[in-house]
1. So which of LEU119, LEU114, LEU130, LEU101 ends up being open to solvent by less than 30 Å² (accessible area, probe 1.4 Å) and either touching a Pro at 6+ places or on another chain (Cβ under 9 Å) or aromatic (Phe, Trp, Tyr) (or both)?
2. Would you check which residues across the range 128-158 are out of contact with any strand residue (DSSP E or B) (no Cβ under 9 Å at 6 or more places or on another chain) and within 22 Å of ILE93 (Cα to Cα) and list them?
3. What number of residues within the range 133-155 are in contact with a helix residue (DSSP H, G or I) (Cβ under 7 Å, 6 or more places away or on another chain) and either hydroxyl-bearing (Ser, Thr, Tyr) or open to solvent by 50 Å² or more (accessible area, probe 1.4 Å) (or both)?
4. Could we say that LEU119 is more than 21 Å from ARG22 (Cβ to Cβ) and hydrophobic (A, V, I, L, M, F, W, C) here?
5. Any residue in the range 24-43 that's among the aromatic types (Phe, Trp, Tyr): show its pairings with residues that are part of a helix (DSSP H, G or I) at Cβ separation under 9 Å, as long as the two are six or more apart or on different chains.
6. Just checking, how many residues over the range 31-46 are open to solvent by 60 Å² or more (accessible area, probe 1.4 Å) and assigned to a helix (DSSP H, G or I)?
7. Got at least one residue in the range 115-122 being closer than 15 Å to CYS28 by Cα and assigned to a loop (DSSP other than H, G, I, E, B)?
8. State whether the residues of the range 76-90 include one that is exposed (fewer than 15 other Cβ atoms within 10 Å of the Cβ), at pLDDT 95 or above and within 25 Å of GLN40 (Cβ to Cβ).
Amino acid sequence: MAGIIRQAALSDAEAITGVLRRSIAELCRADHKGDEELLQQWLANKTPDNVAKWLGSGSTTAWVAELDHRVVGVGMLSRPGEVLLCYVTPEVIGKGMGYQLLQCMLQAANGWGLKRVFLESTATAQNFYLCNGFEPAGEPVMSGRMWGYPMQREVAFG
């Protein structure tokens, strides 16, 4: 079955939490370097209750990627244009799910009349964003004990 992208619902909070936790633990090793304490700090707010709060905040919009009726990715954009989340599970890396989630965010930003979107990338995701039209937007910043890479992209839809 082909993957689908749909608007996230509050009922997706637990599945989204699973995506976030797996993606961070399994794919973001370049960032947490296997440091269990650092990993636990990063995962601390990735709970179903918090995800439900984020989804219900009214200041964000979110999508999920599904494959075989399982949530395998999540993208979330804030009203000012910050890409807050763009995570997929390890088994769908390279299958276009992250790209599709990003396209949903860009279309939403365009619909809101935004000229650009921005984010702070992990080391792991930096190449993904560069390949999808983002550019560095300042010097790397230390956030906790990990580096973040400010990036931005113009919202260009014809």
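1. On the way: LEU114 fails: open to solvent by less than 30 Å² (accessible area, probe 1.4 Å); LEU130 fails: open to solvent by less than 30 Å² (accessible area, probe 1.4 Å); LEU101 fails: either touching a Pro at 6+ places or on another chain (Cβ under 9 Å) or aromatic (Phe, Trp, Tyr) (or both).
One residue alone meets the criteria, LEU119.
2. First, pick out the residues of the range 128-158 that are out of contact with any strand residue (DSSP E or B) (no Cβ under 9 Å at 6 or more places or on another chain): 131, 144-146, 156-158.
Correct list: CYS131 only.
3. Number satisfying all stated conditions: 3.
4. Working: more than 21 Å from ARG22 (Cβ to Cβ): no; hydrophobic (A, V, I, L, M, F, W, C): yes.
In short, no.
5. TRP42/ILE24; TRP42/ALA25; TRP42/ASP31; TRP42/HIS32
6. Restricting attention to the range 31-46, the residues satisfying the condition of being open to solvent by 60 Å² or more (accessible area, probe 1.4 Å) are 33, 36-37, 40-41, 44-45.
Keeping just the survivors that are assigned to a helix (DSSP H, G or I) gives 36-37, 40-41.
The total comes to 4.
7. Step one: list which residues in the range 115-122 are closer than 15 Å to CYS28 by Cα, which gives 120-122.
So of that shortlist, the ones also assigned to a loop (DSSP other than H, G, I, E, B) come out as 122.
Yes, there is a match, as at least one residue in the range 115-122 is closer than 15 Å to CYS28 by Cα and assigned to a loop (DSSP other than H, G, I, E, B).
8. Yes: the range 76-90 contains one or more residues that are exposed (fewer than 15 other Cβ atoms within 10 Å of the Cβ), at pLDDT 95 or above and within 25 Å of GLN40 (Cβ to Cβ).
The values are calculated or read from the model by the stated rules, or taken from the named source; none is laboratory data. Because the structure is a prediction, the values reported are computed rather than measured. Ideal geometry is used to build each Cβ from the backbone, glycine not excepted, and the neighbour counts take in all protein chains shown. Side chains are part of the model used for accessible areas, which takes the heavy atoms of the whole protein and leaves out ligands, DNA and RNA. Shrake-Rupley method; radii C 1.70, N 1.55, O 1.52, S 1.80 Å.
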